[in-house]
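Participant: Below you'll find the structure I mean.
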């Protein structure tokens, strides 16, 4: 009886934490949906504000490009987390660039503050009414990956080979953790994907909120780096699941042939990372596919504590629950 109650308390823990996260995010999502917060997210595409046009609300550039023509304006802040933002018009709010590239033309006018930690190109004639803060520089590897758009094939292959090597080492020295992660990806894909999407939404919301506070920009940069690592971990997790699944299906577990498993894991990670790198050249759809794959892998990592424990979902309650035995036996006993 005590074991069952302890198990119930352990199962209720993640539920309370998930409920707390949902309660924290719901007001933000409701405000966006109800128009209280107007937000334009540039992800895997481009946004142009033509001359004489005024765009209401904040603009967040995650992956893609923003072009603000001369004579146009944005009534809200502009946050650059990746990609390229070129401003030739007026921004009636703050401009924060954590990564990627920010370019201010000669006719650019920022009526709020300017905080930049990524690449900044500012024309001497560009005007900034508020305080200009140059934060700590983002690592060039991360900044380049978030700025330059689709990677070249040599970079894609090097990245795929590096993650394949890391996946092979993980399957060699942490075989149980790899199996748990792979099982969560293959058997609980929807649950892992939903949790991963929630984690991505919460992470982006926190980054944007912290970016509006200049004091928290270093923490935002740390979160951006952790997010980049989470993307790589998500890709690797899906690749490991693919590789271990192929190994279990097609390879016989004979002694002395563990190298076959390592080879399958390396091939799975290499294939997934290469395909996702190729999809970077497909606008919108490629970014969405990469986001879904990342969400599944990241969610599987969160469900299993990144391989520390096996994820066992709660069983569905039966329609006719068996009544517990009371202190008195039934008539038939």
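The values are calculated or read from the model by the stated rules, or taken from the named source; none is laboratory data. This is a predicted model, so every value here is computed, not measured. For neighbour counting, all protein chains shown are included, and Cβ atoms are generated from backbone atoms with ideal geometry for every residue, glycine included.
Participant: Which is modelled with pLDDT under 80, in contact with a helix residue (DSSP H, G or I) (Cβ under 6 Å, 6 or more places away or on another chain) and either outside any helix (DSSP H, G or I) or not assigned by TED's automatic domain parsing to the domain that holds residue 82 (or both), of 261, 254?
Facilitator: So the residue among 261, 254 that is modelled with pLDDT under 80, in contact with a helix residue (DSSP H, G or I) (Cβ under 6 Å, 6 or more places away or on another chain) and either outside any helix (DSSP H, G or I) or not assigned by TED's automatic domain parsing to the domain that holds residue 82 (or both) is 261.
Participant: For the range 183-198, name all the residues that are touching a helix residue (DSSP H, G or I) at 6+ places or on another chain (Cβ under 6 Å) and closer than 10 Å to residue 310 by Cα.
Facilitator: 184, the sole residue that qualifies.
Participant: Give the number of residues within the range 61-77 that are modelled with pLDDT of 85 or more and under 26 Å from residue 281 (Cβ atoms).
Facilitator: Qualifying residue count, the range 61-77: 5.
Participant: I would also like to ask the following. If you check residue 314 against the conditions, is it assigned to a loop (DSSP other than H, G, I, E, B), over 23 Å from residue 272 (Cα atoms), at pLDDT below 85 and touching a helix residue (DSSP H, G or I) at 6+ places or on another chain (Cβ under 7 Å)?
Facilitator: Criteria met by residue 314.
To keep it simple, each residue is scored yes or no on (1) closer than 27 Å to residue 80 by Cα; (2) assigned by TED's automatic domain parsing to the domain that holds residue 242; (3) in contact with a strand residue (DSSP E or B) (Cβ under 8 Å, 6 or more places away or on another chain); (4) modelled with pLDDT of 85 or more.
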{"position": "129", "(1), (2), (3), (4)": "yes, no, yes, yes"}
{"position": "142", "(1), (2), (3), (4)": "yes, no, no, no"}
{"position": "145", "(1), (2), (3), (4)": "yes, no, no, no"}
{"position": "156", "(1), (2), (3), (4)": "yes, yes, no, no"}
{"position": "176", "(1), (2), (3), (4)": "no, yes, no, yes"}
{"position": "180", "(1), (2), (3), (4)": "no, yes, no, yes"}
{"position": "202", "(1), (2), (3), (4)": "yes, yes, no, no"}
{"position": "208", "(1), (2), (3), (4)": "yes, yes, yes, no"}
{"position": "219", "(1), (2), (3), (4)": "yes, yes, no, no"}
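Participant: What residue, of 101, 164, 108, is at pLDDT 85 or above, touching a helix residue (DSSP H, G or I) at 6+ places or on another chain (Cβ under 9 Å), surrounded by 15 or more Cβ atoms within 10 Å (Cβ to Cβ) and assigned by TED's automatic domain parsing to the domain that holds residue 74?
Facilitator: 101
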